[in-house]
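*Asks:* Before I ask anything, here is the structure I am working with.
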Amino acid sequence: MNSMLLTGGRVIDPANGFDGVADVLVVQGKIAALGPNLAPSSSEKVPRFEAKGLVVCPGLIDLHAHLREPGQSAKETIATGTASAAQGGFTSVVCMPNTSPAIDNAGTVAFIRERAERESKINVFVAGAITKNIAGEELAPIGSLKSAGVIAISDDGHCVQNNDLMRRALEYARMFDLPVMDHCQDYSIVTDGVMHEGYWSAALGLRGWPASGEELIVSRNILLAELTGAHVHCQHISAAGSVQLLREARKRKIPVSGEACPHHFTLTDTGLAGSEKFWKTDGRDIMAGAPGTRPRWPSYDTNFKMNPPLRCAADRAAVIEGLADGTLEIISSDHAPHCGYEKEVEFDQAPFGIIGFETELALSLMQLYHSKKLSLPDLVAKFTVAPARLLRLPGKGNLSVGADGDLTVFDPAQEWIYDPGTSAGKSRNSPFAGWAMKGKARAAIVNGTIAWQGN
């Protein structure tokens with residue numbers, strides 16, 4: 001029917017400043033009404049969803065995910081990846097272009113959109129490549145990509161090192177009204193680093209990855225955004241210096257923004273030394289790297305290997321501060337599935353990345369809401385109105401009458417244990433296996449139809 005009445009929940013709609021107990025009526029896939037005790041006559045033939053004691057909000061959006069199709073379906077597919085996203089409460093995801101072949105032409109965009117139409121119960125949006133084959137040497141056909149339906153461009157997993165090429169990409173992106181999402185990594189200083197450069201890289205004998213490798217490109221992007229007027233979105237910010245650079249740039253009204261991932265504001269590089277993976281997480285703030293938490297043996301767990309790497313406690317604190325003061329507007333997962341055998345190798349040889357759809361909401365609630373760093377409406381905004389605004393999706397991220405009937409229902413207080421083995425996705429590469437979580441998605445509703453529902 002594409003119609004539904006959600007009753008009695010705490011409705012949070014940051015886009016419209018609404019926070020209160022109310023009903024939400026969806027008719028033919030669109031928001032029809034929001035308010036207390038909606039008249040039964042207007043919905044007598046509409047299925048009801050009892051949401052008493054739960055939070056109802058606009059459908060959560062994850063603008064940074066790797067669905068691995070085409071070419072890497074052993075790791076994930078559009079069907080399995082979106083099923084995992086729905087299980088995490090997400091109604092929309094944006095797939096990154098570092099597939100095989102890369103999403104650098106209209107044909108590949110069409111393939112993904114057609115596959116998503118057939119196999120996904122949630123919305124799949126496509127980010128096109130900035131450069132051909134994401135090689136950083138020649139611009140992709142940005143106009144053709146826009147016509148084919150991409151909503152942003154990115155070379156995620158890679159970073160354009162040629163500053164003039166990046167300038168031209170921003171000029172084209174502005175012409176076609178596309179945000180540019182950039183993976184900030186200066187190869188010349190990062191070189192072959194595999195973990196954050198600091199005490200633990202020296203102690204564990206692993207090649208260091210300095211925070212300046214991110215900060216240099218964030219600085220470059222700020223300068224080019226100011227020069228061209230194009231919007232640059234800096235992905236998965238991990239370093240304190242990057243947060244401060246973005247804070248200052250936004251005060252100057254430069255068109256830049258940033259996002260943070262739960263692993264960067266939950267863990268630190270001490271996890272590689274075998275401490276954090278065993279800590280209890282009962283909703284209180286995890287003081288990563290605090291005195292008295294020195295590990296007893298090194299772990300070299302490849303599920304703690306990600307790009308950018310887990311950084312020190314001061315960086316983690318700065319990312320949380322950036323989220324709290326609005327410098328970092330968006331939270332995303334950087335969901336990066338890998339086959340088990342790929343991670344079961346020496347740390348240096350393992351690929352970067354972890355899965356994140358099904359832990360993203362809970363970790364954000366624990367680290368930001370339950371620890372009183374953010375109010376619940378402010379946290380919800382980072383998953384809804386903020387990404388919808390960046391991606392120019394007026395029908396998403398809000399509960400205005402006429403908006404798309406995408407909603408997420410979650411229980412912010414539900415306690416559960418995360419088991420990657422129960423994931424709807426193909427991969428299991430998570431550092432959070434066995435963690436006690438607080439906060440859980442209960443349903444993902446897309447265009448008035450339940451895409452996923454759980455307990």
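*Asks:* Do we have Arg207 as charged (D, E, K, R), touching a strand residue (DSSP E or B) at 6+ places or on another chain (Cβ under 8 Å) and more than 26 Å from Asn105 (Cα to Cα) here?
*Replies:* In short, yes.
*Asks:* Which count do you get for residues in the stretch 300-319 that are of a type in the set (Gly, Ala, Ser) and in a loop (DSSP other than H, G, I, E, B)?
*Replies:* The qualifying residues number 0.
*Asks:* Report whether or not Phe18 is more than 21 Å from Asn455 (Cβ to Cβ) and aromatic (Phe, Trp, Tyr).
*Replies:* yes
*Asks:* In addition: State all residues of the stretch 173-198 that are in contact (Cβ under 8 Å) with a residue 40 or more places away in the chain, more than 17 Å from Ser238 (Cα to Cα) and more than 23 Å from the chain's Cα centre (by Cα); if no residue qualifies, say none.
*Replies:* Arg174
*Asks:* I need a count of the residues in the stretch 252-309 that are modelled with pLDDT under 60, surrounded by fewer than 17 Cβ atoms within 10 Å (Cβ to Cβ) and either of a type in the set (Ser, Thr, Tyr) or touching an Asp or Glu at 6+ places or on another chain (Cβ under 9 Å) (or both).
*Replies:* Result for the stretch 252-309: 2.
*Asks:* Let me ask something additional. Please go through the stretch 399-434 and give me each residue that is part of a loop (DSSP other than H, G, I, E, B), more than 18 Å from the chain's Cα centre (by Cα), buried (at least 22 other Cβ atoms within 10 Å of the Cβ) and of a type outside the set (A, V, I, L, M), ordered by number.
*Replies:* Gly405 - this is the single residue of the stretch 399-434 that is part of a loop (DSSP other than H, G, I, E, B), more than 18 Å from the chain's Cα centre (by Cα), buried (at least 22 other Cβ atoms within 10 Å of the Cβ) and of a type outside the set (A, V, I, L, M).
*Asks:* Hey, another quick one. Please verify whether Ser147 is out of contact with any Gly (no Cβ under 9 Å at 6 or more places or on another chain), of a type in the set (Gly, Ala, Ser) and under 30 Å from Phe347 (Cα atoms), treating the condition exactly as stated.
*Replies:* Here the answer is no, as Ser147 does not meet what is asked.
*Asks:* In the stretch 441-455, which residue that is crowded, with 22+ Cβ neighbours inside 10 Å and in contact with a Phe, Trp or Tyr (Cβ under 7 Å, 6 or more places away or on another chain) is nearest to Pro351 (Cα to Cα)?
*Replies:* Ala441
Yes/no matrix, rows are residues, columns are (1) in a loop (DSSP other than H, G, I, E, B); (2) touching a residue at least 40 places away in the same chain (Cβ under 8 Å); (3) farther than 25 Å from Val243 by Cβ:
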{"position": "Leu328", "(1), (2), (3)": "yes, yes, no"}
{"position": "Ser333", "(1), (2), (3)": "yes, yes, no"}
{"position": "Tyr341", "(1), (2), (3)": "no, no, yes"}
{"position": "Val345", "(1), (2), (3)": "yes, yes, yes"}
{"position": "Ala362", "(1), (2), (3)": "no, yes, no"}
{"position": "Met366", "(1), (2), (3)": "no, yes, no"}
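*Asks:* If you scan the stretch 370-398, which residues turn out to be surrounded by 21 or more Cβ atoms within 10 Å (Cβ to Cβ) and among the hydroxyl-bearing types (Ser, Thr, Tyr)?
*Replies:* Thr384
*Asks:* Consider the stretch 96-111. How many of its residues are under 21 Å from the mean Cα position of the chain (by Cα) and crowded, with 24+ Cβ neighbours inside 10 Å?
*Replies:* Looking only at that region, the number is 3.
*Asks:* Conditions: (1) over 22 Å from the mean Cα position of the chain (by Cα); (2) at pLDDT 95 or above. Val243 meets all but one. Number of the miss?
*Replies:* Single failed check for Val243: (1).
*Asks:* Among the strands (runs of 3 or more DSSP E) lying completely within the stretch 43-121, list those that include at least 2 residues that are among the hydrophobic types (A, V, I, L, M, F, W, C).
*Replies:* Once the strands (runs of 3 or more DSSP E) in the stretch 43-121 are filtered for at least 2 residues that are among the hydrophobic types (A, V, I, L, M, F, W, C), what remains is 55-58, 60-65, 90-95.
*Asks:* Looking for something of a type in the set (Asp, Glu), buried (at least 24 other Cβ atoms within 10 Å of the Cβ) and farther than 29 Å from Arg174 by Cα - is there at least one such residue anywhere in the stretch 351-363?
*Replies:* The answer is yes; a qualifying residue exists.
*Asks:* While we're here: Being touching a His at 6+ places or on another chain (Cβ under 9 Å), within 18 Å of Ile151 (Cα to Cα) and of a type in the set (Asp, Glu) is the filter here, so list the residues in the stretch 62-113 that pass it.
*Replies:* Asp62
The values are calculated or read from the model by the stated rules, or taken from the named source; none is laboratory data. This is a predicted model, so every value here is computed, not measured. Cβ sites come from the backbone with ideal geometry, for glycine too, and all protein chains shown count toward neighbours.
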